[in-house]
Amino acid sequence: LNLNASASIGGTSTLYSLGVTDSYFLDTRWTAGFELYKTERDWTDFSEDATGGALKGGHSLGLHSKGLLTYRYEQKDVYDVSDSASLTIRDQEGNSVLSSLTGTLSRNTTDYRLDPTRGGASSFSTEYAGLGGTDHFVKFELSHRHFFPLFWQTVLSLNGHIGYVVKTADDMVPVSEKFFLG
């Protein structure tokens with residue numbers, strides 16, 4: 001059972017999160033969990049509040065692989081948009097609702113999942129937003145992290161992440177769902 005409770009309070013952003021995931025739900029190979037969160041962010045040209053939650057369930061697909069489905073529901077408010085903001089941001093001012101389903105396939109071949117020294121962990125996910133709500137897009141993400149043992153009990157970890165998002169209706173992809181370098 002994995003319990004996650006966090007709070008991050010800063011000058012330009014605040015995040016509260018609570019989640020529970022049981023990787024062996026009822027002593028089976030099923031995974032079940034949920035997450036609740038609230039974020040408040042102040043960007044240069046606008047501010048955004050989001051409150052949401054997610055339900056997830058999955059199953060082991062062999063010794064090293066797992067499939068997971070996640071339903072996410074989120075209410076967002078974009079406000080305090082400056083006059084100098086881009087047209088994309090100005091068009092998203094106001095309230096919106098995200099209702100999405102994400103399918104994830106993951107593979108983990110590390111030697112010890114809590115503190116790996118060798119092996120790799122990969123995942124591929126596809127999120128479809130448009131199950132009701134006002135946001136409509138499809139997002140694809142692929143990530144891989146690999147661990148290499150070095151000398152003096154040190155480990156080198158290399159991580160790569162790539163994503164692509166496309167709108168599925170006439171409205172724009174929400175700015176909070178887009179990818180940015182960094």
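The values are calculated or read from the model by the stated rules, or taken from the named source; none is laboratory data. Keep in mind that this is a model prediction, so the values were computed, not measured. Methodologically, a virtual Cβ is constructed for each residue, glycine included, from the backbone with ideal geometry; neighbour enumeration extends over all protein chains shown. In case anyone asks, the SASA skips ligands and DNA or RNA and just uses the protein heavy atoms, side chains included. Shrake-Rupley method; radii C 1.70, N 1.55, O 1.52, S 1.80 Å.
Quick look at the values:
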item	result
Counted residues, the stretch 107-133 - those being open to solvent by 40 Å² or more (accessible area, probe 1.4 Å) and outside any loop (DSSP other than H, G, I, E, B)	5
Search result, residues across the stretch 34-47 that are of a type outside the set (D, E, K, R), open to solvent by 30 Å² or more (accessible area, probe 1.4 Å) and farther than 11 Å from T12 by Cβ	F34, L36, Y37
Leading residue by the ranking (surrounded by the fewest Cβ atoms within 10 Å (Cβ to Cβ)) among those in the stretch 70-100 that are touching a strand residue (DSSP E or B) at 6+ places or on another chain (Cβ under 7 Å) and outside any strand (DSSP E or B)	D80
Any hit, the stretch 44-65, residues being closer than 25 Å to F124 by Cα, touching a strand residue (DSSP E or B) at 6+ places or on another chain (Cβ under 9 Å) and polar (S, T, N, Q)	yes
Positions within the stretch 134-174 being in contact (Cβ under 8 Å) with a residue 60 or more places away in the chain and open to solvent by less than 40 Å² (accessible area, probe 1.4 Å), in sequence order	P174
Scope the stretch 1-50; condition within 28 Å of S106 (Cβ to Cβ) and aromatic (F, W, Y); matching residues	Y16, Y24, F25, W30, F34, Y37
Pair list, Cβ < 9 Å and 6+ apart or interchain, from the stretch 92-103 residues that are over 25 Å from D80 (Cβ atoms) to residues that are outside any strand (DSSP E or B) and of a type in the set (A, V, I, L, M, F, W, C)	S99/L131; S100/L131; L101/L131
Strands (runs of 3 or more DSSP E) wholly inside the stretch 1-59 that include at least 1 residues being free of Cβ contacts under 8 Å to residues at least 12 places away in the same chain and either over 20 Å from V97 (Cβ atoms) or touching an Asp or Glu at 6+ places or on another chain (Cβ under 6 Å) (or both)	2-9
Count - residues of the stretch 6-33 that are open to solvent by 80 Å² or more (accessible area, probe 1.4 Å) and either more than 19 Å from S47 (Cα to Cα) or aliphatic (A, V, I, L, M) (or both)	7
Matching residues, the stretch 144-176, being under 29 Å from S47 (Cβ atoms), hydroxyl-bearing (S, T, Y) and out of contact with any Lys or Arg (no Cβ under 9 Å at 6 or more places or on another chain)	T168
